[in-house]
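First the structure, in the form of structure tokens, and then the observations on it.
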Amino acid sequence: MRYKEIEAMLITLKEGEVIKPSQVIKREVFRKYGILGTSKDRFLTAIFYGMMRKLGCIDKVIEGVLKRRVDELNPWLRAALRFFTYLKVFTYCDEKSIENIIKYTPKFLREVADELDALTFNKYCEIILKSKPLELIERYVDKDEYEYNMPKWLISRIREILGGEADNLLRSLNSKPLISFRVNTLKATVDEVVEGLKEEGYEVQVGKYVPVVVKVKPPFRFEESKLFKQGKIVPQDEACAAAALILNPEPGEVVVDMCAAPGGKTTHMAELMENEGIIYAFDIHEDRIKRMRYLIRKTGVENVRIFKLSCTKAPKVLGEEIADKVLLDPPCSTTGSFAKYPESRWRLNEITLKEIVRRQREFLETAVRLVKPGGWILYTVCSILPEEGEKLIKYILLRYSNILDLVKIKGFFDEGFMEGTIRAWPHRHNTSGMFFALLEKLD
């Protein structure tokens, strides 16, 4: 590992704490440093994802050795310590790369942080080099957390939810998923895309549950793919791609996408609507909205109007009872997509989960205000936790029992923990874990 690659990794790790998903900043930094698409890309990407899966375990070793909380450290020092710890304690790395990290990183820290951080890094490395990796892991890391790469409390919750199936799910959340794409039917057919991907050198699977989805083994050469550049395929998990099909917006309808960016489901709904009617897309994150605008142009979508606003402002902006269909895919725990976004497992705790559910409830109540009598709301989350799914739907149906009814979803995946809802499971369906509930506002 050369100095340029070490610097690129440190920048990726530091900036990845702020920009989500972190894969986006990884791709940007790798492109800037001339790594993207090279032989080093696959090697460094594997290190990156390995670190993200082990992040909480890595932090416990750092805190145990330094006797300081990781979140109190300078972000640059935190990134450097995590990088070195993963390579020296949790995986194999050649000695020359370790030497280069120890030699180069203090110089880099003096430039972006200060002398004290450089000295702290040097002192920490000395301690780690004198220690045995397995002894450090046994001393500081919980056995279950080390095996399943997630917090102990969450492992316990998953075992409560799924019982004997829990270990299969836990293993699935640590597996390497296939890369899934939704075929953009405004520009291509599934058959055309399958043949095109084969010509690009990939073995292709067509989705078992959503037939407009195709899957290939990673890595995928995004920079080289004509299909991707032409907007004929859109990166999207098979379970995510089911959302628009379940809601089934029709040409000419008024649709509100309440948490729309980066636009995968938005553009899918536009395809189903054949660019006729209107989709009002709300989101508050400028970086994600920027990606959504790009995706809309790339896919040939023409019937989306974007609002950089919280969806809670939508009734004031648009009026109440204006939508034929409402899609609500709110921020969630992402427990269903840990395989795809591995670092998210370590950001979640029981306190943040309560706040997530509170916001989901607020957004769902807003959706009730937006939808017309006779209209539908699809509530979907990439979560395996009932408090974000069935329990929330039971609450909303009880609160609005005079105006809301549950529409039974037929097909696609398995029934949820509440009759009429469905769930996709990573270990059963080879998709992200997702919950779906369809609600109708009564006349």
Output the residues belonging to region 414-438 that are hydroxyl-bearing (Ser, Thr, Tyr) and closer than 15 Å to ILE396 by Cα.
THR421
Exactly one of GLU253, GLU320, GLU274, GLU286 is of a type in the set (D, E, K, R) and surrounded by 18 or more Cβ atoms within 10 Å (Cβ to Cβ), and that one is GLU253
Unmet requirement for ILE19, which otherwise passes all of (1) under 21 Å from the mean Cα position of the chain (by Cα); (2) buried (at least 20 other Cβ atoms within 10 Å of the Cβ)
(2)
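Condition test on ARG305, is it out of contact with any strand residue (DSSP E or B) (no Cβ under 8 Å at 6 or more places or on another chain), assigned by TED's automatic domain parsing to the domain that holds HIS427 and not polar (S, T, N, Q)?
Answer is no for this residue.
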Buried (at least 19 other Cβ atoms within 10 Å of the Cβ) and among the aliphatic types (A, V, I, L, M): does that describe ILE98?
no
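Within region 326-351, which residues are among the small types (Gly, Ala, Ser) and under 16 Å from GLY389 (Cα atoms)?
Kept after step one, since they are among the small types (Gly, Ala, Ser), are these residues of region 326-351: 333, 336-337, 339, 344.
Listed by number, the residues that qualify are SER333, GLY336, SER337.
Suppose we filter region 12-22 for residues that are assigned to a helix (DSSP H, G or I) and touching a residue at least 24 places away in the same chain (Cβ under 8 Å); how many remain?
Let us first name the residues in region 12-22 that are assigned to a helix (DSSP H, G or I), namely 12-15, 22.
This time we only want the ones that are touching a residue at least 24 places away in the same chain (Cβ under 8 Å), so: 12-14, 22.
Looking only at that region, the number is 4.
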Of all residues in region 194-253, how many are farther than 24 Å from VAL304 by Cα and of a type outside the set (A, V, I, L, M)?
24
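Before we move on, is ARG53 closer than 15 Å to VAL141 by Cβ and either assigned to a loop (DSSP other than H, G, I, E, B) or under 17 Å from the mean Cα position of the chain (by Cα) (or both)?
On the way: closer than 15 Å to VAL141 by Cβ: yes; either assigned to a loop (DSSP other than H, G, I, E, B) or under 17 Å from the mean Cα position of the chain (by Cα) (or both): yes.
In short, yes.
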Go through region 170-195 and report how many residues are part of a helix (DSSP H, G or I) and free of Cβ contacts under 8 Å to residues at least 60 places away in the same chain.
7
Please go through region 97-113 and give me each residue that is touching a residue at least 24 places away in the same chain (Cβ under 8 Å) and either of a type in the set (Asp, Glu) or more than 26 Å from PHE43 (Cα to Cα) (or both), ordered by number.
ALA113
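Table: residues versus (1) surrounded by fewer than 24 Cβ atoms within 10 Å (Cβ to Cβ); (2) more than 30 Å from GLU250 (Cβ to Cβ); (3) out of contact with any helix residue (DSSP H, G or I) (no Cβ under 9 Å at 6 or more places or on another chain); (4) modelled with pLDDT under 95.
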{"position": "ARG361", "(1), (2), (3), (4)": "yes, no, no, no"}
{"position": "LYS372", "(1), (2), (3), (4)": "yes, no, yes, no"}
{"position": "LEU392", "(1), (2), (3), (4)": "yes, no, no, no"}
{"position": "SER401", "(1), (2), (3), (4)": "yes, no, yes, no"}
{"position": "PHE417", "(1), (2), (3), (4)": "yes, yes, no, no"}
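Within 18 Å of the chain's Cα centre (by Cα) and in the same structural domain as ARG359 (by TED's automatic domain parsing): which single residue out of PRO262, PRO249 fits that description? Can you show your working first?
Numbers: PRO249 fails: within 18 Å of the chain's Cα centre (by Cα).
One residue alone meets the criteria, PRO262.
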Out of all the residues in region 16-26, which are modelled with pLDDT of 90 or more and more than 19 Å from MET1 (Cβ to Cβ)?
GLU17, ILE25
Given (1) surrounded by fewer than 22 Cβ atoms within 10 Å (Cβ to Cβ); (2) under 18 Å from the mean Cα position of the chain (by Cα); (3) not charged (D, E, K, R), where does SER383 come up short, assuming only one miss?
(1)
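Does region 26-41 contain any residue that is among the β-branched types (Val, Ile, Thr), in contact (Cβ under 8 Å) with a residue 24 or more places away in the chain and assigned to a helix (DSSP H, G or I)?
Residues of region 26-41 among the β-branched types (Val, Ile, Thr): 29, 35, 38.
This time we only want the ones that are in contact (Cβ under 8 Å) with a residue 24 or more places away in the chain, so: 35.
Now drop any that are not assigned to a helix (DSSP H, G or I), which leaves none.
No - not one qualifying residue is present in region 26-41.
The values are calculated or read from the model by the stated rules, or taken from the named source; none is laboratory data. On a predicted model such as this, the values are computed, not experimentally measured, just so you know. Note that we place each Cβ from the backbone using ideal geometry, even for glycine, and neighbour counts take in every protein chain shown.
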